[in-house]
1. Do the sum for the protein assembly as shown: with -39,500 (n - 2.57) for every DSSP H run of n ≥ 4, divided by all residues, what is the mean residue ellipticity at 222 nm, to the nearest 500 deg cm²/dmol?
2. Given the stretch B:1-56 reduced to its alpha-carbon atoms as identical point scatterers, what log10 I(q)/I(0) does the Debye formula return at q = 0.13, 0.17, 0.28 Å⁻¹?
3. Would chain B count as rounded, prolate or oblate if I go by the C-alpha gyration tensor, calling it rounded below 1.5 in a/c and otherwise prolate when a/b exceeds b/c, oblate otherwise?
4. Considering Cα pairs under 8 angstrom that are at least six residues apart, work out the relative contact order of chain B and quote it in whole percent.
5. For the stretch A:143-163 and the stretch B:1-63, what is the centre-to-centre distance using only Cα atoms, to the nearest Å?
6. Please give the charge dipole size of the protein assembly as shown, origin at the Cα centre, charges +1 on K and R Cβ atoms and -1 on D and E Cβ atoms. Round to the nearest 20 debye.
7. If you add up the charges near B:Glu139, with Lys and Arg at +1 and Asp and Glu at -1, over every other residue whose beta carbon is less than 13 angstrom from its beta carbon, what do you get?
8. Which far-off residues, 5 or more places away or on another chain, put their amide H under 5 Å from the one on B:Leu93, with H placed in the peptide plane?
Amino acid sequence: MVQMLGEGFLTSLQIFAFTLIGALPLGVPVALLRVSRFKVVRGITRAYISVMRGTPLMLQMFAIYFMPYYVFGIQLTTDSKWQAAIVAFIINYAAYFAEIYRSGLQSIPRGQYEAAEVLGYSKAQTFLYIVLPQVVKRIMPAIGNEVITLVKDTSLAFAIGVGEMFSTAKALVASQVSMVPFAIAAAIYWVFNFAVELVLGRIEKMLSYYHD
Amino acid sequence: MPVVSMKDARKAFGGTEVLRGISLEVERGEAVAIIGPSGGGKSTLLRCMTLLETLDGGALSYGDLAVATEGASGRSVYAKGEELKQARGRFGLVFQNYNLFPHFTVMRNITDAPLRVQKRPAGEVEQRARELIAKMGLEGCEDKVPCQLSGGQQQRVSIARALAMNPEILYFDEPTSALDPELTAEVLRVIKGLAAEQMTMVVVTHEMNFAREVADRVVFMDGGVIVEEGPAEQVIDAPREERTRAFLTRVGE
């Protein structure tokens, strides 16, 4: 039983890892488009973020899973569920990350940009060396929240039949007529998140050598 | 040739004219103090001279480098990016609230731009930084970050940061108005030292005693124009214009 849950957890872990690898970087261009000079670009980005945050991730997964078939007539394969889940997680979390990045970017005082400009830094240098490191420090607590939520959200992939840990636990509960698998799954989620908290704490400590 | 030359500078923010035809030249080795009431256009003038704001009308040049020329319609026409970049290398600016980079150590605050922007050799930049740190009385602070320093120390770091770029002219925007009186003194002492070394500078200040001691020339600005300018003894101690007199009375001189 523990072995089955362990295998399920590996799938959960993959969803978790792929989502972070995809969504953390994807949030950057989204955040930049969100504050674009062009009103249309800003508007579209805003609508995207609003839909991603305003509708259930579970429904988004369904939409992405079934769209290829209903809209384009593409036959779904056994990999489709997994692919749909990953895409849904990435574009959903990218929206959240983008808003966190935006809040971080907008919290950097104008004076920092002005000091860099007078010293002759290019726009790219200013962003990379002056602004970005400060943004990272400011947004770490908010990012930490999302990362911890993501660990638990991986269980939503259950809805389209991806065999992650929650699906496995549910199946075990049904077959063994026992709640123990749920309890074990809960413990695994918690232990993993405890490890995540330790890592986040380490990062925040590394960045605590200064305050502004 | 003056280090910086501004002619008939005009600038408005949403219909409010903040600069209404300012002409100002600063010669090499000269220290100019700009005084005047808040909202008189002093900071905007400095921001236009340091390219943080663009002029609506008028001309601006640094030595032989034309930054903005007056077009046919009287509107300012700015040079291309490469020339602006070159011009930025000729001046430094010390901000009222320092604007140090909080995540850099004192040393890196001073050396980062010379290395990254000017691409000067590391050995030379570091040596220059150490000289400046000593000159500013900041020995022992090299590896500290700004939040570990007092306001006066932070302002001295920001002066060192500006000087490390080897500018031809240094601007100060009310460099002591965010500081307690005892910290003000240490910053003013450093600026006086620079003036004694014939550093070309323009200081926007509320410190009349300081202006009197340091400035070769005092410029009184009000309502977006230069009302009066001349040697400190004249402008501060024997102003000709009624507006200058009224201002000096208000600030208690």
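1. -17500 deg cm²/dmol
2. Listed by q, the Debye log ratios stand at -0.33, -0.55, -1.30.
3. Verdict is oblate for chain B.
4. 26 percent
5. Cα centres, the stretch A:143-163 to the stretch B:1-63: 57 Å.
6. 1480 debye
7. Charge balance in the 13 Å sphere: +1.
8. Amide H neighbours of B:Leu93: B:Tyr171.
No value in this document is a laboratory result; all are computed from the given coordinates. A quick note: this is a predicted structure, and the numbers were derived from the prediction, not measured. Every residue, glycine among them, receives a Cβ derived from its backbone with ideal geometry; neighbour counts consider all protein chains shown.
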